[in-house]
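Beneath this line is the structure, given in structure tokens, with notes to follow.
The values are calculated or read from the model by the stated rules, or taken from the named source; none is laboratory data. This one's a predicted model, so the numbers in the text were calculated from it and none came from an experiment. Neighbour counts run over all protein chains shown; Cβ positions are idealised from the backbone, glycine included. The area values use the complete protein model at the heavy-atom level, side chains included, leaving out ligands, DNA and RNA. Shrake-Rupley method; radii C 1.70, N 1.55, O 1.52, S 1.80 Å.
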Amino acid sequence: QFTTRVVSCRPAELRPEGGGEPVRGFHVVLEDTILFPEGGGQVRAGLGRAGAGLGRAGPGGSDAPCPQPDDRGLIGDVPVLRVTRRGPEALHFVPAALEPGAEVLLSLDWERRFDHMQQHSGQHLITAIAEQMFGFKTTSWELGRQRSVIELDTPSVTAEQVEALEKSVNEKIRDRVPVTVRELSAGDPEIETVKSRGLPDDHVGPVRVVDIKGIDSNMCCGTHVSNLSDLQVIKLLGVEKGKKNKTNLVFLAGNRVLKSIEQSHSTEKALTSLLKNGPGEHVEAVRRLQSSVKLLQKNNLNLLRDIAVLIARDFKSKPAPRQLFVLHRKEGDSEFMNIIANEIGTEETLLFLTVGDEKEAGLFLLAGPVEAVENLGPRVAELLGGKGAGKRGRFQGKAAKMSRRGEVQALLQEFVSHQKPEA
């Protein structure tokens, strides 16, 4: 918690992270803040300040500010929904207005902050050790909600290298290495010895440097632990192919590792109950189930094809040929409908076939004489609330309103009844 004063309060809008309509509220500027603003950047340095200097990815630098998400908290009893940076100021978005000049108690969401501290310090450590051990430079990184990703300037990283890197970073955690913060003036020659890609154009005030004793010294505005032991443990989840000649290293740090283990254990317990065997047999049991399902699907498809042929032959065996054939089946697919159309033939008969749940979405096929299908196809799709396309006497697509099949059938019946006998 931190006591400060409201400097200004102006109407503003907040666009939700998941999209949707903007939320109306206010941007509040405080005399000082302990809430970190999103997007990195520099906020006035000093006691209770959010930080100073540009946050870079680590050794080797980055072309973008540190991607640490913003903090959350309360101003009095008013929730802070977003904190952003505007030059040297931190803008606190709140849903209710606050009186300029009022003294307020600022409270920090510590669980969120500590998580970000663990991931950010973990990234600095992994980045430094990866360069020391293998010469892999970090070009950028992302602090995600579930996992974090470090982009390494190398086309590939072997499983052996990942294992060795994980072992080394966890040894440093067990060594209880201190993490300290220094503030240097903008003209201090020592800045040249600190790893960075330079300061942002709108930088003002001192430069903030984060040191992991004997391991790394790096310009950074982000929030960090004070000792590597606070990281608890780091788990490298593996690598993924990144941008051209880059490799993404995925990791978890601290409490995220514990949460991941808890989630994995819950999944393991559920699978044990469902599969009726121990964790060591889960993979083999799932493989057997997959093989069984594939065989059943194959048999089902063969039966469906046989049914389609029988339906078509039954229609053709009728003594008096009909100009319209309508069929709906809950179970089926596009191949099922096309087999029926092929077997019946579409030179003289107009076919309207649908598959799927009658109360939900499904598939449709209109087949028959080319001119008739070209004229009726778009109208059928419109009635079914779907989209479709076709050529050479077939128009098929998805239907959102299968319950309107009756209207389509009436339309087609009317069309057929107006055709000349010779047509």
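For the stretch 223-267, give me each residue that is touching a Phe, Trp or Tyr at 6+ places or on another chain (Cβ under 6 Å) and more than 19 Å from ALA159 (Cβ to Cβ).
The answer is THR223, and nothing else.
SER140: closer than 30 Å to GLU31 by Cα, among the hydroxyl-bearing types (Ser, Thr, Tyr) and surrounded by 18 or more Cβ atoms within 10 Å (Cβ to Cβ), yes or no?
no
May I ask you to verify whether LEU91 is in a strand (DSSP E or B), open to solvent by 60 Å² or more (accessible area, probe 1.4 Å), modelled with pLDDT of 95 or more and not acidic (Asp, Glu)?
So LEU91 does not fit the description; no.
Of all residues in the stretch 1-22, which are of a type outside the set (D, E, K, R) and more than 18 Å from GLU89 (Cβ to Cβ)?
Listed by number, the residues that qualify are GLN1, THR3, PRO16, GLY18, GLY19, GLY20, PRO22.
Among the residues of the stretch 346-366, is any surrounded by 15 or more Cβ atoms within 10 Å (Cβ to Cβ) and assigned to a helix (DSSP H, G or I)?
no
Here is a check on your reading of the model: is GLU360 under 26 Å from ARG305 (Cβ atoms), at pLDDT below 90 and within 38 Å of the chain's Cα centre (by Cα)?
Here the answer is yes, as GLU360 does meet what is asked.
Please state which one of ASN255, ASN277 is touching a residue at least 40 places away in the same chain (Cβ under 8 Å) and touching a helix residue (DSSP H, G or I) at 6+ places or on another chain (Cβ under 7 Å).
Going through ASN255, ASN277 in turn, the sole match is ASN255.
Among the numbered criteria (1) open to solvent by 50 Å² or more (accessible area, probe 1.4 Å); (2) without any contact (Cβ under 8 Å) to a residue 24 or more places away in the chain, which single criterion is violated by LYS213?
Only one criterion in (1) open to solvent by 50 Å² or more (accessible area, probe 1.4 Å); (2) without any contact (Cβ under 8 Å) to a residue 24 or more places away in the chain is unmet by LYS213, namely (2).
Return the residue satisfying two criteria in turn: it lies in the stretch 396-423 and is hydrophobic (A, V, I, L, M, F, W, C) and closer than 13 Å to THR354 by Cβ, and of such residues it is modelled with the lowest pLDDT.
Within the stretch 396-423, the match that is modelled with the lowest pLDDT is MET402.
Yes/no per residue for (1) within 28 Å of LYS243 (Cβ to Cβ); (2) without any contact (Cβ under 8 Å) to a residue 40 or more places away in the chain:
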residue: GLY122; (1), (2): yes, no
residue: THR127; (1), (2): yes, no
residue: VAL169; (1), (2): yes, no
residue: PRO178; (1), (2): no, no
residue: ARG182; (1), (2): no, yes
residue: ALA186; (1), (2): no, yes
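Kindly indicate which of LEU105, LEU125, LEU165, LEU98 is modelled with pLDDT of 95 or more and surrounded by fewer than 18 Cβ atoms within 10 Å (Cβ to Cβ).
LEU105
Working only within the stretch 99-129, note down all residues that are of a type in the set (Asp, Glu) and part of a helix (DSSP H, G or I).
Correct list: GLU111, ASP115.
Give the number of residues within the stretch 218-238 that are over 17 Å from THR127 (Cβ atoms) and polar (S, T, N, Q).
Within the stretch 218-238, residues that are over 17 Å from THR127 (Cβ atoms) and polar (S, T, N, Q) number 4.
Give all pairs with beta carbons closer than 8 Å in which a residue from the stretch 303-318 that is part of a helix (DSSP H, G or I) meets a residue that is among the hydrophobic types (A, V, I, L, M, F, W, C) and open to solvent by 40 Å² or more (accessible area, probe 1.4 Å); count only pairs at least 6 apart in sequence or on separate chains.
ILE311/LEU327
Residues THR267, THR247, THR223: which one is polar (S, T, N, Q), at pLDDT 90 or above, outside the structural domain of PRO69 (by the TED database) and open to solvent by 30 Å² or more (accessible area, probe 1.4 Å)?
THR267
So which residues in the stretch 291-306 are closer than 18 Å to MET337 by Cα, open to solvent by 70 Å² or more (accessible area, probe 1.4 Å) and of a type in the set (A, V, I, L, M), if there are any at all?
Answer for the stretch 291-306, where residues must be closer than 18 Å to MET337 by Cα, open to solvent by 70 Å² or more (accessible area, probe 1.4 Å) and of a type in the set (A, V, I, L, M): just LEU303.
Would you confirm whether or not the stretch 402-415 contains a residue that is open to solvent by 40 Å² or more (accessible area, probe 1.4 Å) and assigned to a loop (DSSP other than H, G, I, E, B)?
Looking through the stretch 402-415, none of the residues is open to solvent by 40 Å² or more (accessible area, probe 1.4 Å) and assigned to a loop (DSSP other than H, G, I, E, B).
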